[in-house]
Every structure is written in structure tokens, then in C-alpha cells.
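Asks: Have a look at the structure that comes next, please.
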Amino acid sequence: MKDPITVSITGAAGQIGYALLFRIASGAVFGPDQPVNLRLIEIEPALPALDGVVMELDDCAFPTLNSITPTADLAEGFKDADWALLVGSVPRKAGMERNDLLNINGGIFTGQGQAIAANAKPSCRTLVVGNPCNTNALIAMSNAAGMPSNQFFAMTRLDENRAKSQLAAKAGVHHSKVTNLCIWGNHSATQYPDFTNAKIDGKPVTEVITDREWLEGEFISTVQQRGAAIIKARGASSAASAANAAIDTVISLINPTPEGDWHSVAVCSDGSYGIEKGIMASMPIRTNADGTWEVVQGVPVDAFSQGKIDATIAELVGERDAVKDLIP
Ligand code: NAX
């Protein structure tokens, strides 16, 4: 067995947490020979519920689970973290404007960014799932003094997986045949699932699915509205698929990307594709054999795609401006 790694998870007593913790503890993410310390962070009122989750983790007797630390204290929660998965946030309630939401969550992610910088390992990587995840990640990153910006990510993998599943269903193939699917921009209803560069069994999607009207219309809106459709059907927001996407993101960031493919995750823009520098935008990413990642360059952006990318980036710039007081 290797030395344990430490994974800190906020919102650990929530519904995504419930679908996430057991898979991490079981070795499904970091491998069957990699022990894991779980540091589970919750707000005080949720600590009793978190105790129940801890009891269940104990009762699984996972060989790879080395220790569990439930806490409401950020310093204790992020101590020596190798990974910080920021899942907890305050959901949008009726009557709440998007800017209110940004500011309430901004307060949370300011403190968490500072606590990560002060307590986690310098190499700690942070993935933000809690919405609005791109801008929450921007706030955490901006307040984590001394931590490199390339160690902060926001999750758009659920959108990628949803898009792949829609394309596969339309083409009548298994979803594993769909590659090179990039989500551009924000994890919101403006996100752009880029079908123009996606492939099915190595062929351009546009050659396999010739119904361009469906691709430009129903396909995009189905992916954009999938979260709302799940809430309507289930009476609760997506949880297992969101946890699965967080796991896919971590796995994709710690393992080399298959040759010629890419995966979607929001990273701090370096200006690639004309995307404003410094905002957290989803784009095509490759993970290298040495564990570093890079933005895939040279992905063609046609006029249709450019219009969609411009719209989602404009939204992110607006979000950034709305929280500028929280960005030192
Ligand atoms: P739940 O409401 O079930 O759980 C959230 C948990 O976070 C609660 O237990 C709460 O006590 C805790 N929490 C709140 N503030 C906290 C803080 N300051 N520190 C630590 N814990 C805190 O929500 P759940 O369904 O688990 O969703 C969690 C977040 O994921 C939400 O913001 C949700 O919008 C977001 N999602 C993001 C997705 C993505 O693709 N990026 C998709 C799924 C999901 O909607």
C-alpha cells in the first residue's frame, strides 16, 4: 500500500456527498492500492447528519479508507489536503437574484480559498462543484494566496456526459463511441456543447447525424436544460450523476488523456480561443503523462460555435464583475 492521500470534501452530508464519498472511499477513484484519508466538511447544523454518513462509511469497512475526519472547522477540514472537492454551497431560492446567489456563495468560497491556501498541501488541486461553480472557483482561486491558478477547476463534466449520451442515443450507438465533446464556457444554461468537433466512432458527428437543425436546436437545449428536467422528474436535483461527473473529472485530471481526445473542465483562462484571461471557463483539456494539463489548441471554431461561445463567456464576465469585490 502507498502512503495515504487526503481528500477534503465540503457539503459532505448533502445528496451529492452521499453519492460521492463511498466511491472515493472504495478505491474507485485513486485505485485499489491507494489509501485515502477523508476530511468531511459541513456547516454546524449538518454535523449530526454527517455523523450518520460517517457511521455508514465505517460500516463499509473499505480496505482503502484510512481515516475519516468530520468537521465544521475549515483549518481542520483542509489540513494536508491533496484534493479539495468543494461541493457544498447555498442553493438558489425563490426570489433570489443570480447576483445575490453569487454574493452569498462568494462569502463561502472566499473563506474556503483562504483555508485551502493556509492548510492544504501546496500541490493541492481544488475542484468546485457547488453552483455557480465557475465563479465560485474563481473566488476560491483568487483568495488562495500562493496557490497556482492551474490547480483550480470547476465542473462541467456532467454536461459533457449528458451531451455524449444524447448524441449516442440519436445516432443509435453506445455512448462510449462519442469522443472529443467539449463543453465551452459556463456551467449554466448558456453552456455550449460543441457538436461541431465531436466524433462518433472517429467520424465527425455532423457526418453521422445529418440533422443539423436537431444538433443546433433540440440537442443543445436538451443538454442545457437537463438539470431542470431531472428536478422536474425526480423532485430533487441530479446527485448520483453529478457525483459520477466529479469522479470522472478527477480521474481525467490524474490520468493521461487518450490520444487525440480531450475532456471538459473549467480552468483559469490563459486567453486561448480569445476567452478573457483570468475567468474560469470550460474548454477542451488534455492531461499529459507527467500529470500536468494543457488547453488543446487549434480546435476549429466556426461562426455558429463562436456565437455560442461569445454568449457563455459574456455571462461569465458578467458574473466576475458582480463579485469583483471578493477578488483581491
Ligand atoms: P445539498 O443541498 O443536498 O447538499 C449541500 C450540502 O452542502 C448540505 O449538506 C449543506 O449543509 C452543505 N453546505 C452548505 N454550505 C456549506 C459550507 N459553507 N461549507 C460546507 N458545507 C456546506 O446539495 P447537492 O445536491 O449535494 O448539491 C451541491 C451543489 O452542487 C449545489 O450547489 C448544486 O447546485 C451543485 N451542482 C453542481 C453541478 C455541476 O455540474 N457543477 C450539478 C449538480 C448540482 O446541481
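Asks: What number comes out for the charge environment of residue 22, summing +1 per Lys or Arg and -1 per Asp or Glu over other residues with Cβ under 12 Å away?
Replies: -2
Asks: Counting Lys and Arg as +1 and Asp and Glu as -1, what is the net charge of the other residues whose Cβ lies under 14 Å from the Cβ of residue 318?
Replies: Numbers: positive: 98, 320, 324; negative: 97, 276, 310, 315, 319, 321.
Summing Lys/Arg as +1 and Asp/Glu as -1 gives -3.
Asks: Bin by bin, in steps of 10 Å, what percent of the Cα pairs in segment 124-205 do you find, going until the bin that has the longest distance?
Replies: Answer for segment 124-205: a P(r) of 18, 39, 26, 15, 3 percent.
Asks: To the nearest 20 debye, what is the magnitude of the charge dipole of the chain about its Cα centre, counting +1 on the Cβ of each Lys and Arg and -1 on the Cβ of each Asp and Glu?
Replies: Charge dipole, the chain, about its Cα centre: 360 debye, nearest 20.
Asks: Protein chains only, probe 1.4 Å: how do 216, 259 rank by accessible area, largest first?
Replies: Correct descending sequence by accessible area is 259, 216.
Asks: Averaging over every viewing direction, what projected area does the convex hull of the Cα atoms of segment 173-222 cover, in nm²?
Replies: That works out to 3.5 nm².
Asks: Also, quick follow-up: What are the extents of the Cα atoms of segment 158-245 along their three principal axes, in Å, largest first?
Replies: For segment 158-245, the Cα extents along the three principal axes come out at 37, 23, 22 Å.
Asks: State the percentage of accessible surface on the chain attributable to carbon and sulfur atoms; use a 1.4 Å probe and exclude ligands, DNA and RNA.
Replies: Exposed carbon and sulfur together represent 53 percent of the surface.
Asks: With a 1.4 Å probe and all protein chains kept in place, how much accessible area does residue 262 have, in Å² rounded to the nearest 10?
Replies: 30 Å²
Asks: Hey, what did segment 159-215 get for relative contact order, percent, Cα under 8 Å, at least 6 apart? If you can, show how the numbers build up before the last one.
Replies: Working: 76 pairs, mean separation 15.9, N = 57.
It rounds to 28 percent for segment 159-215.
Asks: Rg and Dmax of the chain over Cα atoms: what are they, in angstrom?
Replies: Answer for the chain, Rg first and Dmax second: 19.1, 55 Å.
Asks: Where does segment 10-58 land on Rg(C-alpha)/(2.2 N^0.38 Å)?
Replies: Here the Cα radius of gyration is 1.14 times the empirical estimate.
Asks: Let me ask you something else. When the Kirkwood radius is taken over all Cα pairs of segment 3-152, what Stokes-Einstein diffusion coefficient follows at 10 °C and 1.306 mPa s, in µm²/s?
Replies: 103 µm²/s
Asks: In straight Cα distance, which lysines are under 29 Å from residue 203, not counting same-chain residues fewer than 8 positions off?
Replies: Output for residue 203: 164, 170, 177, 308.
Asks: Next question. Bin width 10 Å, alpha-carbon pairs only: give the P(r) of segment 124-171 as whole percents, running from 0 to the bin holding the largest distance.
Replies: For segment 124-171, the binned pair fractions read 26, 38, 21, 12, 2 percent.
Asks: Report the Rg/Rh value for segment 1-83, based on alpha-carbon coordinates and the Kirkwood definition of Rh.
Replies: With Rg and the Kirkwood Rh in hand, the quotient comes to 0.94.
Asks: Given an 8 Å cut-off on Cα distances and at least 6 residues of separation, report the relative contact order of segment 93-250 as a percent.
Replies: 18 percent
Asks: With every protein chain left in place, what is the accessible area per residue of segment 28-161 in square angstrom, probe 1.4 Å? Walk me through the numbers before you get to the answer.
Replies: Values: 5290 Å² over 134 residues.
That works out to 39 Å² for each residue.
Asks: For the chain, what does the relative contact order come out to in percent, with C-alpha contacts under 8 Å and a separation of six or more?
Replies: 16 percent
Asks: Next question. What's log10 of I(q)/I(0) for segment 188-328 at q = 0.08, 0.16 Å⁻¹, Debye sum over Cα points only, no solvent?
Replies: Values returned for q = 0.08, 0.16 Å⁻¹ are -0.26, -1.09.
Asks: Filter the chain for me: DSSP H helices, axial length by Cα at least 30 angstrom, mean Kyte-Doolittle hydropathy not below 1.0. List them by residue number.
Replies: Membrane-span-like by this rule: not one helix.
The values are calculated or read from the model by the stated rules, or taken from the named source; none is laboratory data. All of these numbers come straight from a predicted model, not from anything done at the bench. Neighbour counts run over all protein chains shown; Cβ positions are idealised from the backbone, glycine included. For the accessible areas, the whole protein counts, side chains as well, though only heavy atoms, and no ligand, DNA or RNA atoms are used. Shrake-Rupley method; radii C 1.70, N 1.55, O 1.52, S 1.80 Å.
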